[in-house]
Amino acid sequence: MRSPLVALAAAALAAPLVLAGPAHAEPAPYTVTPLKFTVQAGGRSCTVDADLYRPAGVDADRPAPAVLATNGFGGSKSDGSTDAIGRAVAARGYVGLVYSGLGFGKSGCLITLDDPAIDGKAASGLLDFLGGTRAADDGTRADYVVRDGEGDPRVGMIGGSYGGAIQLATASVDPRLDALVPLITWNDLAYALAPNNTGARTGVTSDTPGVFKWQWTNGFYLIGEGQPLLNPSLDPSRFNRLDCLHFAAQACETIRLLNSGRYPADKADAMLAYARSVSPVSYLDRVKAPTLIVQGQADSLFNLNEATATYETLKAQGTPAKMIWQSWGHSGGLVPGELDLSEGNLESSYVGQRVLAWFDRYLRKKTDTDTGPEFAYYRSWQSGYGTADRLPALSQQLYLSGDGKLIDNRSKVVRGSRQYTNWLVPTSHSESSIAPLIGLPDPKPYDTKGTYLGWRSAPLTAPLDVVGAPKATLKVVSPKAERVQNSGDASDKLVLFAKVYDVAPDGTRTLVNRLVSPVRVPDVTRPFTVELPGIVHRYEKGHRLEFVIAASDTAYFGNRGIKPVTVVSAPEDTGVLELPVVPAG
């Protein structure tokens, strides 16, 4: 029996997506047929467990487009969210095929992190079934799916988190997919699990190993390794070896290296190469299916920067793509009026309407369908969405003064230097991925005196709306870090955490969505630019902004050894914080 801890953790990591029937209409009837498919994946032969949802009246003479979906990490075809996708699309006249991803539920094979060559190829085999060129193991065939050519079914995919990345992986190996709706998923798994928010050569991808996000990562690992116990099976394809029960070996090696806290160059390069090989960043150039990207503002696992990286790559190569930033993600954040995963308010929610329009346009080929603006973002202060034809640009600069002020005029910067030092234990807190899973409260974000530096603005004279990822250009002095940063082990480089608080008139500090920007500084003798997590936030009149760099964070591994840091300010040479500000609305 699944323990309460594991059950709660699985629920949090599975990234559910419920698309239930219309709130005020009777759903169309449909049948549900369990199916099995034998696939070859990663050198193993294994079974994929699936359910086929067939709307009444759909047959060879009256075919319908199809929607393929699979579960989030730790889920299966039978969990409430994944099963709901099949029911929802069938109620709307689509043929639904919902399956348990490799290594989950009653599907065989190892967990290979949505590897295109394994998970993507397995999903491609299910497209063969929908295209009429193969049968299920029991002989069942689908001759009632609309085809755009011989063996080419008209199919879309939808799903969240692990069920989001699989869409991009599948599209990279099979051009037959016609529409994708990935929700709250990753662009670069190396960034998601160990982010480095400086020195990116493309999107969020940096060549310097980042700062280990130990809580989220080990949560995934424990749930993955626990699958043979959570879903008992004698299927030998589900087992690897005693020291890596259920994952592909390279995944276990990556987790062990991250937990070791040491990143010698050869092992670090191999780790980054593997994590990126199973990430969209490495194969988006092969994705041509129109893609509606939906990412959550409340998400410390896969932040908005990852969605932006995917969106900008697809747009640059000519793949039709649009992006929505909704309220909720892996860290919660669901608010009234948003697509509610338990109620299934598809027609009455903004995101739900956009999903329906996307499928109407690309699966039903209703070419006059309005699929909405290029970019939309949830504004909590208005309980609704703002829209734009492009991502907001960095448009406001603030300067780090030597007296701890954050000012809008470089000439007013006061000369001075300030210092902090780290302890051997974390002294700052942003969020805990573990506490909520076991029913414990998550302490409010805090920083311990002497282990961080902050710069505060004057009270705002009008509301300030920030939409996007702020950037900070910094230069720090750390002789101890300088002496060891070229050791050949990336873990010797200086680590710091950048963030922006909203400070109310009474002094209360709010860290927007508990998001921080971990940085492993490549070279402390040179200036560096930090990209902070994307946010959508109104700083109200009378509030202050506080830019902070801290020595540590409880959700991440930190510095090896004590490395004091000094920040020097002068009018001609000081840190700069840039904000993507939009007109108040």
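The values are calculated or read from the model by the stated rules, or taken from the named source; none is laboratory data. These numbers come from a predicted model, not from an experiment. No Cβ is skipped: glycine too gets one built from the backbone with ideal geometry, and neighbour counts run over all protein chains shown.
Descriptive notes on the structure:
- Long-range neighbours under 9 Å by Cβ, at least six apart or interchain, first residue among the aromatic types (F, W, Y) within the range 77-95, second part of a helix (DSSP H, G or I): Y94/A88; Y94/F359
- Here A28, A20, A60 are screened, and the one residue that is part of a loop (DSSP other than H, G, I, E, B), farther than 29 Å from F247 by Cα, in the same structural domain as D340 (by TED's automatic domain parsing) and modelled with pLDDT under 50 is A20.
- Matching residues in the range 533-556 - criterion: being out of contact with any Leu (no Cβ under 8 Å at 6 or more places or on another chain) and not small (G, A, S): V536, H537, D553, T554, Y556
- Residue in the range 487-501 that is among the polar types (S, T, N, Q), assigned by TED's automatic domain parsing to the domain that holds D403 and without any contact (Cβ under 8 Å) to a residue 40 or more places away in the chain present: yes
- Looking only at residues in the range 254-298 that are assigned to a strand (DSSP E or B) and under 18 Å from the mean Cα position of the chain (by Cα), the one that is surrounded by the most Cβ atoms within 10 Å (Cβ to Cβ) is G296.
- Counting only residues that are under 21 Å from the mean Cα position of the chain (by Cα) and either in a helix (DSSP H, G or I) or buried (at least 20 other Cβ atoms within 10 Å of the Cβ) (or both), the range 359-375 holds 1 of them.
- Residue pairs meeting the criteria (Cβ under 7 Å; at least 6 apart or on separate chains; first on the phi > 0 side of the Ramachandran plot, in the range 502-530; second among the acidic types (D, E)): R514/E431
- Residue that is surrounded by the most Cβ atoms within 10 Å (Cβ to Cβ), among those in the range 181-205 that are in contact (Cβ under 8 Å) with a residue 60 or more places away in the chain and over 16 Å from the mean Cα position of the chain (by Cα): T198
- Among residues of the range 316-328 that are over 13 Å from P290 (Cα atoms) and at pLDDT 95 or above, those with a Cβ under 6 angstrom from a residue that is buried (at least 21 other Cβ atoms within 10 Å of the Cβ) and among the hydroxyl-bearing types (S, T, Y), sequence gap 6+ or separate chain, pair up as W325/Y377; Q326/Y378; S327/Y378.
- Flag if G352 is surrounded by fewer than 22 Cβ atoms within 10 Å (Cβ to Cβ) and in contact with a strand residue (DSSP E or B) (Cβ under 6 Å, 6 or more places away or on another chain): no
- If you filter the range 228-238 down to residues that are surrounded by fewer than 24 Cβ atoms within 10 Å (Cβ to Cβ) and touching a helix residue (DSSP H, G or I) at 6+ places or on another chain (Cβ under 7 Å), you find that the one that is modelled with the highest pLDDT is L230.
- Selected residue (only one of L334, L314, L301, L229 is farther than 19 Å from G159 by Cβ and of a type outside the set (G, A, S)): L229
Residue-wise test of (1) buried (at least 20 other Cβ atoms within 10 Å of the Cβ); (2) over 27 Å from the mean Cα position of the chain (by Cα); (3) more than 30 Å from T308 (Cα to Cα).
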| position | (1), (2), (3) |
| --- | --- |
| S433 | yes, no, no |
| P443 | no, no, no |
| D447 | yes, no, no |
| P470 | yes, no, no |
| L474 | yes, no, no |
| K493 | yes, no, no |
| L496 | yes, no, no |
| A504 | no, yes, no |
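- Qualifying position, being outside the structural domain of G333 (by TED's automatic domain parsing) and either aliphatic (A, V, I, L, M) or within 17 Å of the chain's Cα centre (by Cα) (or both), among L301, L230: L230
- Selection from the range 382-430 of residues that are charged (D, E, K, R) and either outside any loop (DSSP other than H, G, I, E, B) or crowded, with 16+ Cβ neighbours inside 10 Å (or both): K405, R410, K412, R418
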